[in-house]
Each structure stands twice: as structure tokens, then as C-alpha cells.
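Student: I'd like to ask you about the structure that follows.
No lab work stands behind these numbers, since they all come straight from the coordinates. Treat the numbers as computed from the prediction; the structure is a model and nothing was measured. FYI the Cβ positions are ideal-geometry reconstructions off the backbone, even for glycines, and counts take in every protein chain you see.
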Amino acid sequence: MNLVVGELGKENCSCSICTNLLEDANVLKCEHSFCKKCLDKLIYTPEKNLKKKVKCPFCRVDFDPSKDIKAPGLFQQNQLNLIKLKCEFESCGKIVPYNIFETHKNGCLFNPYSYTRCEHCKKDFKQIDTKKHQNDCIDYLRNALKKSPIIKDGTIFIPYRNTL
């Protein structure tokens with residue numbers, strides 16, 4: 001998420017651990033902000049147990065992970081929403097506000113890893129697997145054949161196509 005278009009508000013919205021723009025922001029009782037993933041690495045043991053006491057990586061104040069972590073306040077949310085991000089998928093390039101960036105990215109028509117539904121068999125598959133699905137989907141192939149056979153001298157020829 002480093003494709004920042006609008007820099008306004010960015011200075012109040014960076015993670016004190018990774019120094020990137022906050023992703024899924026969390027705020028400690030000392031008011032320092034961190035990405036959820038960064039904070040999770042700090043507050044969980046390798047066995048995935050929640051630690052009892054942890055120090056803020058920025059100011060070293062003790063906090064209890066079970067009760068001293070909250071969502072960003074209204075001011076910080078407003079600052080985040082001033083930031084505009086450009087969709088990372090080359091063919092899209094849409095500029096969206098920070099608060100809807102992840103939703104846009106996950107549903108972007110140009111995201112090769114988003115899911116799409118075959119209109120023929122109604123199965124879901126990743127967009128990046130479209131060619132494979134088309135080669136395996138009996139309903140798709142049946143429909144393609146209905147539209148494409150060539151009849152020459154009473155014989156049906158089905159042209160080979162590289163793309164269906």
C-alpha cells in the first residue's frame with residue numbers, strides 16, 4: 001500500500017514499527033499507532049498466546065494487550081481518509097480514499113487473485129485462472145462450440161483457438 005497519491009494526513013498515519021502507512025490501524029493507551037500485523041507480532045508469543053504485559057515500541061510504556069488496544073479515534077480516522085491511494089493494478093489505476101482501499105483492491109476487476117464466477121457453470125475461480133477454467137469448463141466449451149463450428153461440404157470443422 002505504498003502508492004500514496006495524496007500526502008495530506010500521512011504524517012499522522014504511519015506505523016511506529018514498520019514506518020509505512022498504517023494498515024488496519026490499532027492505537028495503544030499511550031496513543032501510539034501501529035499496523036495490526038506489526039502489533040500482533042509484538043503481543044503474541046511464538047505459540048500464539050497473548051502476552052500479559054508488553055511495552056510500547058515507541059515510548060516503552062507498559063500496556064495490557066487484552067484491554068489497552070483500541071481503534072483509531074475520529075481525528076486519526078479523518079487524517080487517514082484525507083489520503084488517496086492509487087490502485088496497484090496497472091490496468092486499473094483508480095484513485096480511492098484510504099478507508100476503502102482494501103475493499104477496492106480485493107474487488108478490483110484487474111486483481112488477478114480476486115474471484116470471479118463462471119456464467120456457464122456458476123463456479124468461482126481466481127481471475128488469474130480464467131484460461132484454465134475455460135479449458136476445463138464443459139458448459140463453457142459446449143457454449144463456445146455452439147457459436148463457432150464451421151460447416152464445409154457437409155463436414156463440421158471446429159477451429160482450434162488459442163483462447164476460448
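Student: Say each of K122 and D40 gets a label point 7 Å from the Cα, pointing the same way as Cα to Cβ; how far apart are those two points in nm?
Tutor: Reported label-point gap for K122 and D40 is 3.4 nm.
Student: Based on the Cβ-Cβ distance from K48 to K146, what FRET efficiency comes out when R0 is 35 Å, to the nearest 0.05?
Tutor: The calculated FRET efficiency here is 0.05.
Student: Sketch the reach of a paramagnetic label on T130 as a point 7 Å from Cα along Cα-to-Cβ, and name the residues of segment 100-119 whose backbone nitrogen lies under 20 Å away.
Tutor: Once the point is set 7 Å along Cα→Cβ of T130, 104-119 turn out to lie under 20 Å by backbone N, inside segment 100-119.
Student: Then there is this: According to the Kirkwood expression over distinct Cα-Cα pairs, how big is the hydrodynamic radius of segment 19-141, in Å? Intermediate results must be reported in sequence, preceding the final value.
Tutor: On the way: mean 1/r = 0.0566 Å⁻¹.
For segment 19-141, the Kirkwood estimate is 17.7 Å.
Student: Can I ask one more? Label C59 and L82 with points 7 Å out from Cα along Cα→Cβ: what is the distance between them in nm?
Tutor: Modelled inter-label distance: 2.1 nm.
Student: Checking the table K70/K105; K29/K84; K105/K126; K29/K55 against a 22 Å threshold on Cα-Cα, which pairs fail?
Tutor: K70/K105; K29/K84
Student: Another one. Of all trypsin sites (Lys or Arg not before Pro) in segment 82-133, which ones are in loop regions per DSSP and have a Cβ with at most 10 other Cβ atoms within 10 Å?
Tutor: Details: sites: K84, K86, K94, K105, R117, K122, K123, K126, K131, K132; in loops: K94, K122, K123.
Counting only loop positions with at most 10 other Cβ atoms within 10 Å, the trypsin sites (Lys or Arg not before Pro) in segment 82-133 are K122.
Student: If you don't mind, there's one more thing I want to ask. Would you be so kind as to identify which of I43, S14, G107 lies farthest towards the positive end of the dipole of segment 10-107, taking Lys and Arg as +1 and Asp and Glu as -1 on Cβ and the Cα centre as origin?
Tutor: Toward the positive end, the furthest listed residue is I43.
Student: Give a residue-ordered list of calculated ³J(HN,Hα) values for segment 131-139 (Karplus: 6.51 cos²θ - 1.76 cosθ + 1.60, θ = phi - 60°; whole Hz; x for Gly, Pro).
Tutor: Working through the residues one at a time gives 4, 4, 4, 4, 6, 9, 7, 4, 4 Hz.
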